[in-house]
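Input: a single structure, listed below in structure tokens.
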Amino acid sequence: MSSLPNPLPDAEAQCRQLADLIRPHLDRQPALVGIYSGGAWIAERLRDLLGLTDDIGLIDVSFYRDDFAAKGLHPQVKPTLIPFDVEGRHIILVDDVLYTGRTTRAAINELFDYGRPASVALAVLADRGGRELPVGPTWCGWNVELQEAENLVLEKSDNGQLAWRLEHV
């Protein structure tokens, strides 16, 4: 049985909380890079909340996954788009849920194909634990414990609002 709150937390409020955590670090002029799809949505929201003017970067880690050979290509692969020079830049990598750390590792590997950033920080809306790699968030909106057969899924409605859904697998 899940120990999650019912209803699930407000993802929009969590985005505002995450922006408040990041705001004191804007003097480093960071660039936001969202991991498709939830991380891309959050990066867009953070850009607006933080009043940043630069375009965000978008990463699809499909080809960089260490389980690519076993899982194959995801049917909805999107192009990675990094519209700025990564070299020497402070990057904030953004994702919706941090779990094993493998997606984050894949995103960092891909990011380094575009140059060597000055630093990479990780901002996530939810950290569910269960790490398989030594990866942790710099900023996190929600630490949550889930059963192994549960997944948090971030959804974007037609009006652009973000909301959590609990999925049983």
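Any read-out appearing in this document is the output of simple, stated calculations on the displayed coordinates, not a laboratory observation. Keep in mind it's a predicted model, so treat the numbers as computed, not measured. All Cβ positions, even for glycine, are placed from backbone atoms using ideal geometry, and neighbour counts span all protein chains on display.
Can you give the local net charge around residue 11? Use residues other than it whose beta-carbon is closer than 11 angstrom to its beta-carbon, Lys and Arg +1, Asp and Glu -1.
Local charge sum for residue 11: 0.
Rounded to the nearest 20 debye, what is the charge dipole size of the chain about its Cα centre when +1 sits on each Lys and Arg Cβ and -1 on each Asp and Glu Cβ?
My answer is approximately 220 debye.
Rank the residues 91, 42, 22, 108 as a footprinting-exposure proxy: fewest other Cβ atoms within 10 Å of their Cβ go first.
Lowest to highest Cβ neighbour count: 108, 22, 91, 42.
In the stretch 110-169, what GluC sites (Glu not before Pro) fall in a loop by DSSP, with at most 15 other Cβ atoms inside 10 Å?
Passing sites in the stretch 110-169 are 132, 145, 148.
In the chain, how does Rg compare with the Kirkwood Rh, expressed as the Rg/Rh ratio over alpha carbon atoms? Intermediate values should be presented prior to the final figure.
Numbers: Rg = 15.4 Å, Rh = 16.3 Å.
Rg/Rh for the chain comes to 0.94.
Quick query: amide H of residue 150 versus all other amide H atoms, modeled in the peptide plane; which residues come in under 5 Å with a sequence gap of 5 or more or a different chain?
Under 5 Å from the amide H of residue 150: 169.
Could you derive backbone 3J(HN,Hα) for the stretch 158-166 from the dihedral phi with the Karplus parameters 6.51, -1.76 and 1.60 (θ = phi - 60°), listing whole Hz in sequence and x where the residue is Gly or Pro?
4, 8, x, 6, 9, 8, 8, 9, 8
Antiparallel as a % of all DSSP beta bridges within the chain, to the nearest 5?
So the antiparallel bridges in the chain amount to around 30 percent.
Test of understanding: in a Gaussian network model of the chain with alpha carbons linked when under 10 Å, which of 136, 88, 34 would top the mean-square fluctuation ranking?
Evaluated over the chain, the most mobile residue of the options is 88.
Rounded to the nearest 500 deg cm²/dmol, what is the calculated helix-only ellipticity per residue at 222 nm for the chain, with -39500 (n - 2.57) per DSSP H run of length n ≥ 4?
Calculated from helices alone, the mean residue ellipticity at 222 nm is -7000 deg cm²/dmol.
When DSSP assigns beta bridges and you keep just the ones with both residues in the stretch 69-163, what percent turn out antiparallel, to the nearest 5?
Close to 15 percent.
If we count other beta carbons within 10 Å of each Cβ, what is the order of 53, 138, fewest first? Each step should come with its number before you reach the end.
Details: 53 6, 138 15.
So the residues, fewest neighbours to most, are 53, 138.
Among 62, 37, 119, which comes first, then next, by fewest other beta-carbon atoms within 10 Å?
119, 37, 62
Which three semi-axes in whole Å describe the equivalent ellipsoid of the stretch 108-169, each the square root of 5 times a Cα gyration tensor eigenvalue, listed largest first?
Equivalent ellipsoid of the stretch 108-169: 25, 18, 11 Å, largest first.
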